[in-house]
1. Mind listing whichever residues of segment 1-34 are small (G, A, S) and under 23 Å from the mean Cα position of the chain (by Cα)?
2. Identify, please: which residue in segment 119-134 is part of a helix (DSSP H, G or I), modelled with pLDDT of 90 or more and not polar (S, T, N, Q) and is, among those, farthest from M6 (Cα to Cα)?
3. Pull out all pairs, ordered by first then second residue, where Cβ-Cβ is under 9 Å, the residues are six or more apart or on different chains, the first lies in segment 100-119 and is touching a residue at least 40 places away in the same chain (Cβ under 8 Å) and more than 19 Å from S24 (Cα to Cα), and the second is part of a strand (DSSP E or B) and among the aromatic types (F, W, Y).
4. For segment 87-123, what are the residues that are of a type in the set (D, E) and either crowded, with 18+ Cβ neighbours inside 10 Å or within 23 Å of D63 (Cα to Cα) (or both)?
5. Output the residues belonging to segment 87-118 that are part of a loop (DSSP other than H, G, I, E, B) and under 13 Å from the mean Cα position of the chain (by Cα).
6. Going through S162, S179 one at a time, which residue ends up being out of contact with any helix residue (DSSP H, G or I) (no Cβ under 6 Å at 6 or more places or on another chain) and either surrounded by 13 or more Cβ atoms within 10 Å (Cβ to Cβ) or of a type in the set (F, W, Y) (or both)?
7. Please enumerate the residues belonging to segment 153-187 that are of a type in the set (D, E, K, R), over 12 Å from A200 (Cα atoms) and within 27 Å of the chain's Cα centre (by Cα).
8. Residues being within 13 Å of P110 (Cβ to Cβ) and either touching a Pro at 6+ places or on another chain (Cβ under 7 Å) or open to solvent by less than 30 Å² (accessible area, probe 1.4 Å) (or both): count how many of those fall in segment 20-36.
Amino acid sequence: MSAKVMLVDDHPVVRTGLRAVIESHESVIVVGEASTGEEAIELAREVLPDVVLCDLRLGEGIDGITTTAALRALPRPPAVLILTTFDRDAEVLGAIEAGAAGYLLKDVPPETIIRAIEVATRGEVYMPPELASRVMRGLRSPLPKLTDRELEVLRHLEQGKSNRDIAKALFVSEATVKSHLVHIFTKLDVDSRARAIRVAHDTGLL
């Protein structure tokens, strides 16, 4: 019996390409397509896919990680494979924590996608070795958690703003900005603005 697959991607050309890849194999069949996370959740209730191939970025609306969590919470939850161009640690870990059965990059060979679908259909997790090792490292050393305000300060920092400029933008005192920076530097284990921005990019915080 063929595995039923649903495609979730905001680019029609990508969905067309994936459909062509999948329908060239007898073991899988496409039962639906969605361009947004919200649409995917509703469609999954109707077509009851075994596996959902979902992009990480879905334009406006909820993203792939939120969509994954919602799909896994359905009465008959499908396995969800993230298929994307983004491989930052925060995104990979976020997808796995949301219940994804695998994480693939869009440049993988078609055979890898089919194999991942078959693995996910069996209730197992498919993860390329290089990503698997990063996930294990991330689980052993969880990513730093910044507050919303600290992330806001970090984004202003990325724009090259001074403490005074950040204080004006956030309607707080410079002393408050300095306090936030101390917390940010401590959490990211850095000692400079440049290093804080780099680590934030490397870990997917920015």
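The values are calculated or read from the model by the stated rules, or taken from the named source; none is laboratory data. As the structure is a prediction and not an experimental result, all values here were calculated from the model. Please note: Cβ atoms are built from the backbone with ideal geometry, for glycine as well, and neighbour counts cover all protein chains shown. Side chains are part of the model used for accessible areas, which takes the heavy atoms of the whole protein and leaves out ligands, DNA and RNA. Shrake-Rupley method; radii C 1.70, N 1.55, O 1.52, S 1.80 Å.
1. Applying the first criterion (small (G, A, S)) to segment 1-34 yields 2-3, 17, 20, 24, 27, 32, 34.
The answer is G17, G32, A34.
2. Quick first cut of segment 119-134, residues part of a helix (DSSP H, G or I) only: 119-121, 129-134.
Subset that is modelled with pLDDT of 90 or more: 119-121.
Still in the list and also not polar (S, T, N, Q): 119-120.
On the way: V119: 16, A120: 13 Å.
Checking each candidate, the answer is V119.
3. Correct list of pairs: A101/Y126.
4. Applying the first criterion (of a type in the set (D, E)) to segment 87-123 yields 87, 89, 91, 97, 107, 111, 118.
D87, D89, E91, E97, D107 - these are the residues of segment 87-123 that are of a type in the set (D, E) and either crowded, with 18+ Cβ neighbours inside 10 Å or within 23 Å of D63 (Cα to Cα) (or both).
5. As a first pass, look at segment 87-118 and keep what is part of a loop (DSSP other than H, G, I, E, B): 87-88, 98-101, 106-109.
Across segment 87-118, the qualifying residues are D87, R88, A98, G99, A100, A101.
6. Details: S162 fails: either surrounded by 13 or more Cβ atoms within 10 Å (Cβ to Cβ) or of a type in the set (F, W, Y) (or both).
S179 is the lone residue from the list that is out of contact with any helix residue (DSSP H, G or I) (no Cβ under 6 Å at 6 or more places or on another chain) and either surrounded by 13 or more Cβ atoms within 10 Å (Cβ to Cβ) or of a type in the set (F, W, Y) (or both).
7. Here is the first cut: in segment 153-187, the residues of a type in the set (D, E, K, R) are 155, 158, 161, 164-165, 168, 174, 178, 187.
Next cut, over 12 Å from A200 (Cα atoms) only: 161, 164-165, 168, 174, 178.
Correct list: empty.
8. Of the residues in that region, 3 qualify.
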